[in-house]
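This report concerns only the one structure given below.
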Amino acid sequence: MAKSTQQEAMEKAVKGNSLGRDAMRRLAANKAAIASIAVLGLVVLMVIVGPWLTPNNYYSQDYDAIWQAPTLAHGHIFGTDSVGRDLFVRTMVGGRISLMVGIVTAFVSLLIGVAYGATAGFIGGRIDGFMMRTVDILYALPFMFLVILMVVFFGQSLFLMFLAIGAVSWLDMARIVRGQTLTIKQQPYVEAARMAGASGTAIIVRHIVPNLLGLIVVYVTLTIPQVILFESFLSFLGLGVQEPMTSWGALINDGVGEMGRAPWLLVIPSIFLAVTLFCFNFIGDGLRDALDPNDR
Amino acid sequence: MLLDVQNLKIDFETHAGRVDAVHDLSFSIDRGEAVGIVGESGSGKSQSVLALMGLLAGNARVSGSAKLASAQAGEPSIELVGAKPRVLRRVRGARIAMIFQDPMTALNPHLKISTQMIELLRTHRGMGRREAMKAAIEMMEAVRIPEAARRIKYYPHQFSGGMRQRVMIAMALSCEPELLIADEPTTALDVTVQDEILDVIAELRERTNTALLLITHDLGVVAGQCSRALVMRAGDLVEHGSIDKVFNAPEAEYTRDLLAAIPRLEG
């Protein structure tokens, strides 16, 4: 009998062995994070499906309903703007752009930043010096100038915007990751792993990156809002998405100008942006806790 | 002879000039033998073993020779001083394993014990996941951790200090190394736990015929575990002989001082 339970425990141990599965279980216990995932899922679903559910589209104008407050009567449930475009569709279409920019560029900055920072920190010495000075030089380039140049040379496109934002946002990540790697590298368990014959790659993948996860996750959740806001800034300058295409940032910018006459133009896109950013923050917080086995 | 160290010399290039850590250290260990290195902190005992493993800081210079006998008879022995990283990686963990002083920090806090042990077994012994898990649990039982099959899924912080040191021993011995280097294995532990840990090491060594290089400043531990002892002071080997000789008829003044200063457990 005792042997069979032991056998069972062993089977279980073989199966549930990954950090991921364990973290998932802990995340599921975090109510704020689960609620945020649900809400964010709803927002994403709305943004994807929403435009197909209404007869309006984001660019055509309804001259009978200019500055229409939110109402069910005309089919403009979020109201219309100064040229009679339906705010509901525009918010959904803008959300696609904003979320895409946020997630894609945060992901790009994550991949490049972590790989670069962890490598520099782990190797150390002259290579570290060279890699980090390269980052310093990239930092020193005036970013707006760079983006304007890129737009002039390559023409305006969404892809270019991803590239431009991604090119900058990984720099911070690389610096933070490198600093943390230097600390982790000194830990006795890294020494112990070396002593046990682990290769450099194995140490980065098995020991350094898992210990960086909490930090990385928090930083990514900070990067996503930052990037979404950055996109709206670029759009405002005429370097990002262009009318009639829109994004949450662009909608809010427009809304600010007409705050007195048509407050819904500001309030509704702001609610969407704020709720999304809140969700990312709560999810990030939950993930950080879930990924840290010491914290229970 | 398993390990033969001849004229090992270590110095460090620092901003303040050259620091000699170890001058001219020679000793050897046979298979299954237990040798103690005794000395106060700073005497170069830890640096000597780190040099054998090729794990000294980048500014260290090592000369001399440290030959590890080949795994199979008839093959040439392996020179550890100045060996390529690839060669050393195959020796570390697999043929020479090490236990560290502080068990609280020598395990990765983000990985379960099972993950860390399985990784080791898969790297060095080419086991499959399932097979490695089985071997890991057996090893945990061998170091007398109760309910090993359940506890192997714990994270390091869920173990006490003594239990963690057992885990370290289980990990170190899981690949059946020929030489176990224990660097102050019991210094961070309670006296009662110390004894249990030393017992576990002794028992497993007997079973697998593993040689032991025990580094400590505690003469009592050496007396209990080793057949030969080396006494180091400020990078020099001042005394070298059987336990009986070192304890009862020490040649060096320093050894006599050590014996007088430290309360003896036996002898």
For the stretch A:70-107 and the stretch B:110-157, what is the separation of their C-alpha centers, rounded to whole Å? 54 Å
Based on other C-beta atoms within 10 Å, arrange B:K245, B:K112, A:K31 from fewest to most. A:K31, B:K245, B:K112
Taking chain A as the reference, fit the longest principal axis to its C-alpha atoms, fit the long axis of helix A:248-257 to the helix C-alpha atoms, and give the angle between the two in degrees, 0 to 90, nearest 10. 40 degrees
P(r) of the stretch B:3-261 in 5 Å steps, Cα pairs, percent per bin? 1, 6, 13, 16, 18, 17, 14, 9, 5, 2, 0, 0
Along the Cα-to-Cβ line of B:R61, 7 Å from the Cα, sits a label point; which residues in the stretch B:2-17 have backbone N less than 11 Å from it? B:10-14
Compute the FRET efficiency between A:V205 and A:A35 as 1/(1 + (r/R0)^6), taking r as their Cβ-Cβ distance and R0 = 45 Å, and round to the nearest 0.05. 0.85
Select from A:M173, A:M245, A:M161 the residue whose mean-square fluctuation is largest in a Gaussian network model of chain A (Cα-Cα springs shorter than 10 Å). A:M245
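Need one value for B:121-128: mean number of C-beta atoms belonging to other chains within 10 Å of its residues' C-beta atoms. If you can, show how the numbers build up before the last one.
On the way: counts 0, 0, 5, 2, 0, 0, 0, 0.
That average works out to 1.
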Output the antiparallel fraction of DSSP beta bridges having both residues in the protein assembly as shown, as a percent to the nearest 5. 60 percent
Take every DSSP beta bridge with both residues inside the stretch B:3-261 and express the antiparallel ones as a percent of the total, to the nearest 5. 55 percent
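Could you tell me what a quarter of the Cα convex hull surface of chain A works out to, in nm² with one decimal place? Mind showing how you got there, number by number?
On the way: hull surface 85.7 nm².
Average projection, Cα convex hull of chain A: 21.4 nm².
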Placing one identical point scatterer on every Cα of the protein assembly as shown and ignoring solvent, what is log10 I(q)/I(0) from the Debye formula at q = 0.07, 0.11 Å⁻¹? -0.58, -1.01
Sticking with the crude label model, points 7 Å out along Cα→Cβ, report the distance from A:F107 to B:D257 in nm, one decimal please. 6.7 nm
Local electrostatic count, B:G44, Cβ distance below 12 Å [Lys/Arg +1, Asp/Glu -1]: -2
Give me B:H124, B:H157, A:H207 sorted ascending by neighbouring Cβ count inside 10 Å, so fewest comes first. B:H157, B:H124, A:H207
Within the stretch B:207-242, list the trypsin sites (Lys or Arg not before Pro) lying in a DSSP loop whose Cβ has at most 12 other Cβ atoms in a 10 Å radius. none
Qualifying GluC sites (Glu not before Pro) in the stretch B:133-205, DSSP loop, other Cβ atoms within 10 Å at most 16: B:E147
Fewest first, what order do B:M139, B:M53 take by the number of other Cβ atoms within 10 Å? B:M53, B:M139
What ratio of Cα Rg to 2.2 N^0.38 Å holds for the stretch B:128-209? 1.06
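No lab work stands behind these numbers, since they all come straight from the coordinates. A quick note: this is a predicted structure, and the numbers were derived from the prediction, not measured. Backbone-built Cβ (ideal geometry, glycine too); neighbour counts: all protein chains shown.
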